[in-house]
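To start, the structure itself, in structure tokens.
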Amino acid sequence: MIELRDLTKVFTVDGAPFTALDKVDLTIQDGDVFGVIGMSGAGKSTLVRCVNLLERPTSGQVLIDGQDLCAMSQKELIAQRRSIAMIFQQFNLLMQRTCLKNICFPMEIAGVPAAQAKKRALELLDIVGLPDKAAAYPAQLSGGQKQRIAIARALASDPKVLMCDEATSALDPKTTRDILRLIKEINRSTGITVIVITHEMSVIEEICSHVAILDHGKVAETGTVEEVFANPRTEAGRRLVYPDGVVIDQLPAVNVIRIAFNGGSSYEPLIASLAIDCGVKVNILGADTRNIDGKAFGTMLLGLPENPEEAAKAVQYIKGQPNVTMEEVRDYHV
Amino acid sequence: MFDFLSDPAAMAEELDILAQSLPMGLWETIYSTVLSTVLSYVIGLPLGVIMVVGEPGGVRPLPRGVMSVLNTVINLLRSVPFLILMMMVIPLSRLILGTSVGTMALVVPLVIAAFPFVSRLVEASLREADKGVVEAAQSMGCTPFQIIWKVLLPECLPSLITGFTTAFITILSYGAMAGIIGGGGLGAIAINYGYYRKKYLVMYVAVIVLVVLVQIFQSVGTHFALALDRRLSRSGKKRARKELHGDKAGFQ
């Protein structure tokens, strides 16, 4: 279990203090896939770097299985870091080493005998689906392949935690999905705890069980992905779950609802059914939906008819649908 | 100046001098250059590493005082012109070697002039290392020493080799200057026979041999730097080969 207690990090930027993390409290259970989402500059990267103390927090505690990392000696900390692996947006592979040697690297520095390290590295190459790239250099690989090698390298030290710092942000959508699937798969098969840092809600929806929304260095909301996604309680949360490009201020004043698809069948024509079954015409104001393995995820903003009876009918109908949640969008014009 | 072309006797005399002194001069030049380069790296490589890892925010930060002392020493030594430095270290050569003339005595001023230069070359190479890779190594629990030994130096190897080639050639050409103070080698032949005794054929041949040496070492250095660079594709290597042929001239 990873617990962050009252974690604060203050940087000095041009002589003035800047609070990157402000009293962050988070608990991450073993085996979770925990997402941390926020806009750029919200403090996400600082947060993960505090978990393995690449950044030393200004105050607060980082507890891993009850042990406080900040109180550890350099030697103990180095040992602890070997159980917290990390992958990065820019992959950060050693360019002068072959893929096999890259994967051997964490074992090499931990003093694992070379033959044993090589055997394990070959297994890992298999796990990440690149058994033929042992002798290739990273420069010869595509972005997705590089990240697979980075994942294999991260797993080489048999870590308890895998931290992904914007690990898919440099990849195209299809490769992103493949990499996320691989991470999910590894989480399922090994029970490793995964912390996912991202600015994309789709990444959170795709693999995370829990999520924390970080806003200006503070945790705005935290909970299961379904909870937070269906009913964001804060402004920061809403901004993240609303479809891309929707400006809240430009929405009609009344009768706007947001519906969230939480993995129901993507073959259900919800809006068409609404029109046919209830005879209510709704206006799609914005939508951001995805089909993941035949399941619908994402969100949609609907403008309901002004007639209160018709609107109520539509709300009733949507509430009756499985795997769809809805909330009213508050009037922002007052 | 080109009298030897019309005077067979003078030509024969000069060829005779060349036959007698050139092989020895070539040998002295090569071994003094190799020895000086090796010793300069023995001091300059660790110093260059310290300049990078020891700065604030580096892999193993050192006290600011230590860093500024090292920085000042390097800058001071680099600002003394080599010709003056050679004279200044004559007492030191006597102290270490018991003599201030000969090829060995030449190694002392060469090393003193070259190691600060080498440390800056090493520093510049290591600064090219990807910060993200260093961070990744730290996140895996690397000690500072492991980061230097297994990340910084191997990742910067091509650049370090390019720097080594530059250092080697600079030391070679500076070593040739030392003929003036009684050092040996091709430079001494060019100055003593060619310039002082007006045997211009000897001078030209000695200089041409130096030029050929520089060409050979530069080509070998560039070849290894590119062959060991795993970041480049084949076409990238061709492009880089063209770009690498611009050279610094001197320790300063």
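Just checking the listed ones, B:Arg78, B:Arg120, B:Arg94: in the Gaussian network model of chain B with Cα springs under 10 Å, the one fluctuating most is B:Arg94. Each of B:Ile30 and A:Ile271 was given a label point 7 Å from its Cα along the Cα-to-Cβ line. The distance between the two points is 8.1 nm.
For segment A:80-85, putting each phi into the Karplus relation 6.51 cos²θ - 1.76 cosθ + 1.60 with θ = phi - 60° gives couplings of 5, 4, 5, 9, 10, 8 Hz, in residue order, rounded to whole numbers and with x for Gly and Pro.
Please compute the net charge surrounding A:Lys146, taking Lys and Arg as +1 and Asp and Glu as -1 over other residues with Cβ under 11 Å from its Cβ.
With Lys, Arg at +1 and Asp, Glu at -1, the neighbours total +3.
For a straight C-alpha distance cut-off of 22 angstrom, the lysines reachable from B:Lys150 (same-chain residues fewer than eight places away being disregarded) are A:Lys75, A:Lys101, A:Lys118, A:Lys119, A:Lys133, A:Lys146, B:Lys131. Between A:Thr190 and A:Thr224, how high is the FRET efficiency from 1/(1 + (r/R0)^6) when r is the Cβ-Cβ distance and R₀ = 25 Å? Nearest 0.05. My answer for the efficiency is 0.70.
Just report the Cα centroid separation between segment A:111-150 and segment B:29-88, whole Å. Going from one Cα centre to the other spans 39 Å.
In summary, the lysines within cross-link reach of A:Lys184, defined as a Cα separation below 16 angstrom excluding same-chain residues under 8 places away, comprise A:Lys160, A:Lys174. On C-alpha positions alone, give me the angle between the axis of helix A:308-319 and the longest principal axis of chain A, in degrees, nearest 10. With rounding to tens, the tilt is 30 degrees.
Near A:Leu302: Cβ cut-off under 14 Å, other residues only, Lys/Arg at +1 and Asp/Glu at -1. The net charge is -1. Among the lysines, which have Cα under 22 Å from the Cα of A:Lys313 when same-chain residues fewer than 8 positions away are ignored? Straight-distance partners of A:Lys313: A:Lys281. The alpha carbon centroids of segment A:161-238 and segment A:25-94 are separated by 16 Å.
A straight line joining the Cα centroids of segment B:101-172 and segment A:293-324 runs 66 Å. Site pair B:Arg127 and A:Asp68 shows an inter-label distance of 4.0 nm when each label is modelled 7 Å from Cα along Cα→Cβ.
For chain A, the relative contact order works out to 17 percent when only alpha carbon pairs closer than 8 Å and six or more residues apart are counted. Taking the DSSP bridge list for chain A and keeping only pairs wholly inside it, about 70 percent are antiparallel.
Under the rule a/c < 1.5 gives rounded, and otherwise a/b versus b/c splits prolate from oblate, where does segment B:3-244 land using the Cα gyration tensor? Because a/c hits 1.5 or more and a/b fails to exceed b/c, segment B:3-244 counts as oblate.
We did not get these values from a lab; they are worked out from the coordinates using the rules stated. Note that the coordinates shown come from a computational prediction; the quantities given were computed from them, not determined experimentally. Cβ: placed from backbone, ideal geometry, glycine included. Neighbour counts: every protein chain shown.
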